[in-house]
1. Exactly one of these conditions fails for Asp203: (1) closer than 27 Å to Arg66 by Cβ; (2) not in a strand (DSSP E or B). Give me its number.
2. Inspect all residues belonging to segment 95-102 and state whether any of them is touching an Asp or Glu at 6+ places or on another chain (Cβ under 8 Å), of a type in the set (A, V, I, L, M) and farther than 19 Å from Gly47 by Cα.
3. State the number of residues belonging to segment 155-174 that are more than 14 Å from the chain's Cα centre (by Cα) and free of Cβ contacts under 8 Å to residues at least 60 places away in the same chain.
4. Given the criterion in contact with a Leu (Cβ under 9 Å, 6 or more places away or on another chain), charged (D, E, K, R) and within 20 Å of Asp54 (Cβ to Cβ), identify the matching residue among Asp77, Asp84.
5. I'd like to check something: does segment 184-197 contain any residue that is among the charged types (D, E, K, R) and free of Cβ contacts under 8 Å to residues at least 24 places away in the same chain?
6. Does Asn177 qualify as being part of a strand (DSSP E or B) and free of Cβ contacts under 8 Å to residues at least 40 places away in the same chain?
7. Mind listing whichever residues of segment 121-137 are of a type outside the set (Lys, Arg) and either at pLDDT 85 or above or within 19 Å of Ala111 (Cα to Cα) (or both)?
8. Considering each residue of segment 211-236, count those that are in contact (Cβ under 8 Å) with a residue 24 or more places away in the chain, outside any loop (DSSP other than H, G, I, E, B) and open to solvent by less than 60 Å² (accessible area, probe 1.4 Å), and give that number.
Amino acid sequence: MIKSLVLGLAALAPLVCVAAESYQLETGAGYEQLSDSFADGSFYYAGLRHAATDYGWGARWQRSKRFDLEDQEWLTDGYYKISDNLTWLGQAGYSPQNRVRPELSIGSQLAWQWSKGWVITPGVSVSNDDQQDSRSYSLMNEHYSGSWRYAYTLYHSRPEDTGSANTHVLQASYYFNDTDSLTALLVKGKELERLPNRVLVMDVTRIGLFGQFSFATDWSLLYNLSWSEQDVLYEKTEVGLGVRYTL
């Protein structure tokens with residue numbers, strides 16, 4: 001859930017700031033290589049996104065495979081500009097199989113521009129399934145300076161009957177123009193790891209790069225590359241590629 005929120009908020013940030021009326025089709029796939037004889041994972045997805053000055057929404061279907069188990073997930077996100085300095089953002093996901101993905105997850109944030117170039121975003125998310133219910137609270141502070149964006153986020157997760165976990169996320173993004181960007185990500189702390197039939201609180205270290213690059217009129221390449229260490233259980237290397245077409 002934490003990773004999904006981080007990527008979702010980072011993807012929505014440029015849309016909220018420079019949104020112009022548009023529809024976008026998107027599809028992509030990724031591969032996860034796990035150490036210590038754990039089965040490798042994969043995912044592929046397809047979605048539609050609409051961005052306007054005051055509001056936007058996205059809908060996506062994703063097929064994931066982890067630990068030799070497959071899940072389908074339906075995801076949606078959106079934003080609505082309440083005032084010049086206040087924007088609401090939200091995400092939701094549903095997985096009918098509920099093998100390694102939450103059956104239901106919902107998140108909501110309020111982005112408040114409290115000073116020029118500075119935005120603070122508190123948020124809350126919940127997930128509900130047969131394995132374990134959990135809640136996560138977040139507080140992000142981000143700063144925009146020229147073509148750069150810097151952000152720090154603190155996540156506090158409280159799974160049912162499993163204690164709590166604090167996660168620190170640092171991001172630095174560079175926007176080459178309205179469509180091209182590159183973001184470096186560092187995650188450190190404890191987070192919830194969903195294994196078959198259980199949820200564990202585990203130490204995590206993750207570094208990654210993700211962004212998008214326009215290679216033709218109305219066409220963009222989406223990419224991400226990350227490495228993570230999940231406690232002493234395993235290490236994971238993930239790579240993903242996608243394409244986005246603006247209608």
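The values are calculated or read from the model by the stated rules, or taken from the named source; none is laboratory data. Note that this is a predicted model, so its numbers are computed, not measured. Cβ placement follows ideal geometry from the backbone for every residue including glycine, while neighbour counts extend to all protein chains displayed. All accessible areas refer to the heavy atoms of the entire protein, side chains included, with ligands and DNA or RNA removed. Shrake-Rupley method; radii C 1.70, N 1.55, O 1.52, S 1.80 Å.
1. The failed condition is (2).
2. yes
3. Count: 13.
4. After applying the criteria, what remains is Asp77.
5. yes
6. no
7. Thr121, Pro122, Gly123, Val124, Ser125, Val126, Ser127, Ser136, Tyr137
8. So the count comes out to 11.
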